[in-house]
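First the structure, in the form of structure tokens, and then the observations on it.
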Amino acid sequence: MATRRTFITCALPYANGPIHLGHMVEHIQTDIYVRFLRSCGEDVTFVCADDTHGTPIELNAQKQGVTPEQFIATWDREHLRDFTGFDVKFDAWGSTNSPDNQRYAEDIYGKLKAAGTIKRRDVEAPYDPKAQRFLADRFIKGTCPNCKEPDQYGDACEKCGATFTPKELIDPRSVISGEAPVWKKSEHLFFDLKSREEWLKKKISDPGFMHPGLATQLGEFFKKGLADWDISRDGPYFGFAIPGETNKFFYVWLDAPIGYISTAEQVPGGAAQFWSRDSNARVIHCIGKDIVYFHCLFWPAVLDVAGYKVPDHVHIHGHLTVEGAKMSKSRGTFINARPYLELLDPSYLRFFYASLLGPGPEDLDLDLKQFRERVNGELVNNLGNLANRVLSILSREYGGELKAGKDALYTECFAKVPAIREAFEQWNFREAVKGILEIGTAANLFITRHEPWKLVKTDKARAQEVLTEAARVVLLIGTLLEPIVPRLAEKLSKQFGRPLFKFNELDRLELSGKIGEVAPLINRLEADVVAKLIQPTAPAAEAPKKVAAPAAEKKADAPAGPPAEIEYDDFAKVALKVGKVLAAEKVEKADKLLKLSVDLGEGEPRTIVAGIALAYTPEQLVGKNVVVVANLKPKPLKGIPSKGMLLAAGPGGKDLTLVDPGPLPPGTAVK
């Protein structure tokens with residue numbers, strides 16, 4: 001049987017700032033999958049690159065008094081250093097500002113043009129007369145036309161959530177010069193995405209291509225009608241000039257994904273072995289759910305028209321929150337990779353992320369208390385201490401000599417391996433970790449039951465057999481953990497004095513000879529060290545406000561009392577069930593409402609309208625498990641029948657957190 005070949009990528013980080021722990025979710029997740037496939041004997045190529053073009057990079061380079069090329073070179077070095085620090089290992093690392101990327105961008109554009117899918121159309125765009133350049137939406141600020149909040153960007157209000165065009169802003173101004181923009185016409189080039197509509201519908205309906213819930217969400221774009229994709233920008237612009245055009249450049253989203261192809265030129269055999277239409281290699285992208293449109297509609301359509309291979313699978317993950325909320329610089333929860341690495345071993349975070357990552361696009365939360373407790377309880381106590389006490393007694397009492405005996409424990413633990421392997425294959429690292437911990441628990445119970453520290457005094461030969469059998473399971477755990485915590489696995493390998501086994505060798509795992517020098521594998525996480533990850537920025541002190549004296553003293557309102565007590569029968573009337581959000585969209589003319597399609601295990605999903613739009617975007621909700629009041633009387637909201645209510649905690653508005661029931665199947669009763 002031929003070895004399966006896989007080419008896999010992460011989304012390209014933008015070369016405009018440091019890597020943060022949100023980036024690390026994706027890169028750690030992909031690295032785990034790559035290491036697992038290799039342990040199974042598969043041929044895997046893993047590449048990534050910096051995304052380097054666009055107006056933000058050009059302007060930030062100007063501010064620092066360097067060229068864009070010098071600016072991106074600095075971030076290129078730092079990005080690769082940080083990924084390496086987290087034990088993420090690429091076969092090639094590239095840049096979208098490379099000659100190979102320019103060559104492929106021009107080739108793909110030429111083929112799109114020859115196929116008749118490039119259109120020309122005048123657009124009216126905001127122009128900064130002082131800076132003498134066209135402006136992207138995020139380079140215009142003004143007052144929100146909906147809630148009148150000042151200092152909002154030209155595409156959406158961060159306070160009320162309303163979306164709009166820059167022209168709708170009140171008193172718009174350029175963030176570059178401070179001047180009011182004017183609107184000018186310019187001819188742009190567009191990719192005819194609509195012409196690929198039927199092909200795209202078939203592609204996203206392929207169950208192996210992407211998450212079905214997000215495919216359903218993409219279906220909303222077809223209902224509205226696919227829009228032509230603007231692939232050009234006017235100069236000045238840091239990017240590749242479009243052949244045959246004057247002062248026109250490829251928009252960053254045209255040449256950025258092409259970096260997946262151009263970076264493959266660095267590996268033996270080049271890009272064609274993966275990206276030619278007749279390639280037998282499996283191509284996988286791992287991305288966040290905020291860029292699904294680009295990777296599952298625009299990018300596949302471009303590749304297909306240009307005659308390249310279309311990715312076989314796009315794995316989509318959720319966003320990272322810290323302490324239950326979006327990462328925030330003011331709260332100190334916007335944690336960059338480098339400060340983490342200066343404090344803690346990357347194995348802690350790799351293990352914690354793996355313990356939370358399921359196969360779907362659910363968000364995951366870096367709750368620092370849970371982080372410390374799970375690492376200490378599961379990685380350190382369950383697995384690390386097991387290895388240390390077994391190997392320490394062998395080293396102390398027997399000079400490290402191993403003696404095989406009964407194999408009941410290994411047989412029991414090995415029976416869990418197929419399910420763990422399947423979990424890794426399905427990107428369900430949460431279940432894989434659960435299975436590994438069950439093996440660790442079984443081995444710990446085995447040691448507790450046999451008490452080899454006592455047995456060594458009465459039956460030294462039998463104690464040696466017990467310890468060898470437990471050590472065999474420790475070695476099994478090391479193999480299963482290697483994709484998740486390779487640094488810890490390498491330490492274990494050295495203590496055994498032999499390479500770890502691979503996933504495809506575990507049925508032949510035998511132990512003999514002597515172990516090497518024994519030492520603790522990993523230390524406990526201390527609360528004071530973990531707390532240093534959060535470095536809140538103190539808000540500027542406000543001057544005291546003058547308050548006019550009241551005309552008459554007003555009696556303070558009496559504090560509200562506790563809620564009235566209810567009988568158990570009253571509570572029992574409420575049917576709470578686990579639901580999974582399949583699709584989500586904003587409700588027109590209702591800034592606080594989202595329309596959700598929720599699977600409650602009833603055969604047909606329910607429509608629920610929830611007032612959570614200020615706390616969650618539709619993309620954050622798809623694939624998320626929620627708790628639903630399932631027997632609430634249906635009520636129309638904005639003309640939409642709502643058949644249920646979601647449970648959430650918090651005062652409201654942006655400060656709402658949905659109750660998370662964990663990885664339970666839809667329809668499970670919550671009691």
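Bear in mind that the values in this text are calculations on the coordinates, not laboratory data. Bear in mind the structure is a predicted one, so any value in this text is a computation, not a measurement. Using ideal geometry, Cβ is built from the backbone for each residue, glycine included, and neighbour counts are taken over all protein chains shown.
Quick notes on this one:
- Those lysines that a straight Cα-Cα span of less than 16 Å connects to Lys633, excepting residues fewer than 8 apart in one chain: Lys573, Lys577, Lys643
- Shown is the FRET efficiency for Lys167 and Arg487, computed with R0 = 51 Å from the Cβ-Cβ distance and rounded to the nearest 0.05: 0.45.
- Pairwise label distance in nanometres, Glu517 with Asp655, each label 7 Å out on the Cα-Cβ vector: 5.5
- Applying 0.36 nm per residue to the separation of Ala461 and Arg524 and subtracting their alpha-carbon distance, the gain on full extension is 19.4 nm.
- Cα-projected label distance for Ser177 with Asp312, points at 7 Å along beta-carbon direction, nm: 5.3
- Tensor-based shape of the range 118-191 (alpha-carbon gyration tensor, a/c under 1.5 rounded, otherwise prolate or oblate): oblate
- With neighbours defined as other Cβ atoms within 10 Å of a residue's Cβ, the residues Leu511, Leu664, Leu481 order from fewest to most as Leu664, Leu511, Leu481.
- Binning all Cα-Cα separations of the chain at 10 Å, short to long from zero, yields these whole-percent fractions: 3, 12, 21, 24, 19, 11, 6, 2, 0, 0.
- With a cut-off of 15 Å between beta carbons, the residues surrounding Ile28 carry a summed charge of -1, where Lys and Arg count +1 and Asp and Glu -1.
- Long-range tail of P(r) for the range 568-658 (Cα pairs > 15 Å, %): 58
- If R0 equals 56 Å, the separation of the Cβ atoms of Phe221 and Leu509 corresponds to a calculated FRET efficiency of about 0.65.
- Computed lengthening from Asp367 to Arg103, 0.36 nm per intervening residue step minus Cα-Cα distance: 90.5 nm
- The range 343-508 - Kirkwood radius from inverse mean 1/r over Cα pairs (Å): 16.5
- Modelled FRET efficiency - R0 60 Å, Lys148 with Ala531, Cβ distances, 0.05 increments: 0.95
- P(r) tail fraction, the range 63-152 - alpha-carbon pairs more than 15 Å apart, %: 80
- Extension gain, Arg498-Val574: 0.36 nm per intervening residue step, less the Cα-Cα distance, totals 21.5 nm.
- Those aspartates and glutamates that a straight Cα-Cα span of less than 15 Å connects to Lys119, excepting residues fewer than 8 apart in one chain: Glu187, Asp192, Asp228, Asp230, Glu245
- Straight-line reach from Lys434: taking Cα to Cα under 23 Å and skipping same-chain neighbours fewer than 8 places apart, the lysines in range are Lys369, Lys416, Lys491, Lys502, Lys580, Lys624.
- Entry note, the chain: the mean residue ellipticity at 222 nm calculated from DSSP H runs of n ≥ 4, each adding -39500 (n - 2.57), is -10500 deg cm²/dmol after division by the residues and rounding to the nearest 500.
- Listed from fewest to most Cβ neighbours within 10 Å, the set Thr96, Thr607, Thr9 follows the order Thr607, Thr9, Thr96.
- The charge dipole of the chain, taken about its Cα centre with unit charges on the Cβ of Lys, Arg, Asp and Glu (plus for the first two, minus for the last two), comes to roughly 600 debye.
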